[in-house]
Amino acid sequence: MRRPLISSTLASSGRHGPLVVACALVLLAGPALGTAHADPDRPGAGAGSGGRGGGPNLEEIRKEIERLHDKAESATDAYNAAESATKKQRKRIVELAKRIDTAQGKLDTLHDTAGAMARAQYRSGGVPPAAKLILGDDPEDFLRGLSLTHKGQQATRSFIGTLTETRSQLRGDAKDASDAWQKLEKTRKKKAAAKKKVNGRLKQAKKIETGLKAEERERLRELEDEAAEAKQAKWLKSGVLDGLDGKASPAGRRAIEWATKQLGKDYVWGAEGPDTFDCSGLTMRAWEAAGVRIPRTSQEQWKQLPHVPVDRMRPGDLIIYKKDASHVGIYVGDGALLHAPRTGRQITVEGAGSMPILGVVRPDK
């Protein structure tokens, strides 16, 4: 049987946050944060439950399922990025539509004014005001009319300039709207393609798991735990935590406290709460609860947030995983990570070194 998840204890930690996390890890994690102790004589240990009995090689199956979930997570990040871009592009189109509507109304008014001016000139016989002044007999009328004509000419030039500028603005906004719509359509296609990839990988992984017997699935989970424990033990043995005593910032403590309350909730790809989360949806909401806005995806969190060395990380920092930065979790201290693992799993706490670390970022640096 699997050891009890340390998240079951942390779920009741409430306002105590990182302190309870640290205590629970020391008391309950056991080999999860230290050396892994696999029993080489147990059926299926090491290379899996295959071999003499001719059954499935569960270690190979574990690696294949892990590979499929890695690919699904990469596609999930692509989906999240497309979803974020779609929201921005829709907002831009709405803004442009409002500007186009305003400009069109202004242009209609200017056209009405231009029509009135043309009709007035027609009624006067089509003779320009300046010509009328020259042809007039009264010098005083000429001087008064000269000033009025000058003002009229200025008004006419201003009117023509406004009309030209409004037409130009309308054309520009219409082109921008067309470009924005084309970008939106491309993003929608990217989003649909990413969704198809996610569902395809998850379907493959599920098919493999459901093809196993109940005891094989249980052993598969044990192998997953053992692999994670072995990686964590190797990471700790490297001395990465030696001398690491950074304290969480006030915002970092709030982020951890909020994230701790989400323990046990299901991972759902593309979700950002409040009932289900994917990995970056959880970190984004945790830091949002702490009063800090960060990017939606783990890849953008890696690109945009300040980097800090692993040997200087502190609780509340985000650890980015895998070469493509497709996974992220919150460091809670004592070598532990709080994260939303993958489809079929719940938000939990486990060794921060159980996955390949790309680097660490600090949202409130």
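A few points about this structure:
- Among the residues making up region 180-230, those that are buried (at least 17 other Cβ atoms within 10 Å of the Cβ), under 20 Å from residue 354 (Cβ atoms) and of a type in the set (D, E, K, R) are 219, 222, 224, 225, 226, 229.
- Here residue 241 qualifies as outside any helix (DSSP H, G or I), buried (at least 17 other Cβ atoms within 10 Å of the Cβ), at pLDDT below 90 and on the phi < 0 side of the Ramachandran plot.
- Residue that is surrounded by the fewest Cβ atoms within 10 Å (Cβ to Cβ) [pool: residues in region 324-353 that are more than 17 Å from residue 249 (Cα to Cα) and hydroxyl-bearing (Ser, Thr, Tyr)]: 343
- Residues satisfying the stated conditions in region 231-256, i.e. among the basic types (Lys, Arg) and closer than 26 Å to residue 281 by Cα: 231, 247, 253, 254
Listed here are the residues, each with its yes/no results for (1) part of a helix (DSSP H, G or I); (2) farther than 30 Å from residue 267 by Cβ; (3) under 26 Å from the mean Cα position of the chain (by Cα).
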residue: 165; (1), (2), (3): yes, yes, no
residue: 175; (1), (2), (3): yes, yes, no
residue: 179; (1), (2), (3): yes, yes, yes
residue: 191; (1), (2), (3): yes, no, yes
residue: 195; (1), (2), (3): yes, no, yes
residue: 200; (1), (2), (3): yes, no, yes
residue: 205; (1), (2), (3): yes, no, yes
residue: 209; (1), (2), (3): yes, no, no
residue: 215; (1), (2), (3): yes, no, no
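- The set of residues in region 271-323 being among the acidic types (Asp, Glu) and surrounded by 17 or more Cβ atoms within 10 Å (Cβ to Cβ) consists of 272, 278, 300, 317.
- Checking residue 175 against (1) without any contact (Cβ under 8 Å) to a residue 40 or more places away in the chain; (2) outside the structural domain of residue 106 (by TED's automatic domain parsing); (3) charged (D, E, K, R), the condition it does not meet: (2)
- Residues in region 72-101 that are within 16 Å of residue 325 (Cβ to Cβ) and not small (Gly, Ala, Ser) were compared, and the one that is nearest to the chain's Cα centre (by Cα) is 80.
- Subset tally (residues that are touching a Phe, Trp or Tyr at 6+ places or on another chain (Cβ under 6 Å) and either among the β-branched types (Val, Ile, Thr) or modelled with pLDDT of 85 or more (or both)) for region 195-224: 1
The values are calculated or read from the model by the stated rules, or taken from the named source; none is laboratory data. All values derive from a computational prediction rather than experimental measurement. Cβ atoms come from the backbone with ideal geometry, glycine included; neighbour counts cover every protein chain shown.
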